[in-house]
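Read through the structure below, which is laid out as structure tokens, and then see the notes.
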Amino acid sequence: MTVKVAEEWLNACAGCEISVVDMGERLLDVLKLVRFVHIPVLMDHKHLGQLGNGHHIELPEADVGILTGGIKNEEHLEVALEMRKKCKTIVAMGTCATHGGIPALSNTYHNQEILDRYYSTETTDPVSSYPGEGIPALLDRCYALDEKIRVDVYLPGCAPHPDLVFAALAALATGTELKLPDKSVCNECPTFRQGKGQLSQMRRFLQAPFYKAPDEPLDQMRCLLEQGLLCMGPVTRGGCGGNKITPRCIAARVPCRGCHGPVQQDGNQLLDMLNALASNGIDIQSLPEYTSLSRFSGAHGILSPKGK
Ligand code: SF4
Ligand code: SF4
Ligand code: SF4
């Protein structure tokens, strides 16, 4: 039996959709198992009827509904509710959907501050009024998907590796359980560590980490956190390297930024990282990038405007 799949994007950048396309030839294998009945990145299918003359968002029924992006305005909410109504299983794909992602950094501002910043900056012509008519109204903050609708499967990553997307689609199509990594990025990191108590002071990532030569094996490079770079590996869910296992940023000798969200779905990267650093004697006031510890997971009430 062919599994019907619908896909939609909400408060998203389309990077997750590129991961679908980046499956490459494996997409052809997927298409033997599933039939996409709605997927804006691959096919033309309108929200308000094919002639655009409908009044409510209507999506086709499907066995699996994949949603990328969080929910920040009334249209996102309406699409999410329609997908929940029409699809038996809902997949939150990408960290915007699972934890708010980068757009949830906006939760540190009130909507008025965001509009003022966007439409009245000193570098653009000031506008006399902000767009309103025909534009979906903003919600009070950016929500992860499961704050508004029930989610059955979580597939984090910014964007999820095409290997993960393929594994998820194959599992959903064949009715097998999708087993995602449930350990941290550090667990998959080949760099060598000297152990607890080795941290001293955090510094900004303005210079390359220390390694002897560009072709030096990663297992001879010292842990980036122990080198004083704010690597979010300890508090971030692994799996970003796909079948190659080695975390993607570490493979490029760059600290993990935390894009897979917390290790457990309901974890808190900000608190966990502050705890980890404090227990190693780091003065958290000295951190160069304090607010960015939750740059990918600011939904679920974790980030809010100052003073709120
Ligand atoms: S998770 Fe990343 S790639 Fe996916 S929509 Fe959000 S910002 Fe884009
Ligand atoms: S902190 Fe970063 S560099 Fe160190 S082991 Fe973890 S992922 Fe690797
Ligand atoms: S190393 Fe961290 S930031 Fe980089 S891709 Fe993996 S989870 Fe994302």
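The values are calculated or read from the model by the stated rules, or taken from the named source; none is laboratory data. This one's a predicted model, so the numbers in the text were calculated from it and none came from an experiment. Positions of Cβ are generated from backbone atoms using ideal geometry, with glycine treated the same way; all protein chains shown enter the neighbour counts. Side chains are part of the model used for accessible areas, which takes the heavy atoms of the whole protein and leaves out ligands, DNA and RNA. Shrake-Rupley method; radii C 1.70, N 1.55, O 1.52, S 1.80 Å.
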Which one is nearest to ligand 2 (Cβ to nearest atom) among residues in the stretch 216-229 that are under 16 Å from S279 (Cα atoms) and out of contact with any Cys (no Cβ under 9 Å at 6 or more places or on another chain)? E226
V151 being in a loop (DSSP other than H, G, I, E, B) and within 16 Å of ligand 1 (Cβ to nearest atom): yes
Search the stretch 149-202 for residues being acidic (D, E) and loosely packed, with under 13 Cβ neighbours inside 10 Å, and hand back the single one that is nearest to ligand 2 (Cβ to nearest atom). D182
Cβ-Cβ under 6 Å pairs, at least 6 apart or on other chains, the stretch 245-265 side of a type in the set (S, T, N, Q), far side crowded, with 17+ Cβ neighbours inside 10 Å and modelled with pLDDT of 95 or more: Q265/Y154
From C231, C240, C249, grab the single residue that is within 14 Å of ligand 3 (Cβ to nearest atom), in a helix (DSSP H, G or I) and either more than 27 Å from Y143 (Cβ to Cβ) or touching a Lys or Arg at 6+ places or on another chain (Cβ under 8 Å) (or both). C249
Across (1) within 24 Å of the chain's Cα centre (by Cα); (2) not in a loop (DSSP other than H, G, I, E, B), G157 clears everything bar (2)
I'd like the full set of residues that are under 26 Å from V20 (Cβ atoms) and buried (at least 24 other Cβ atoms within 10 Å of the Cβ), limited to the stretch 224-238. M232, T236, R237
Tell me, yes or no, whether the stretch 42-63 has at least one residue that is surrounded by fewer than 23 Cβ atoms within 10 Å (Cβ to Cβ), of a type in the set (D, E, K, R) and touching a Phe, Trp or Tyr at 6+ places or on another chain (Cβ under 7 Å). no
Quick check on my filter: what residues within the stretch 1-30 are open to solvent by 40 Å² or more (accessible area, probe 1.4 Å) and of a type outside the set (D, E)? M1, T2, K4, W9, A12, C13, I18, V21, R26, L28
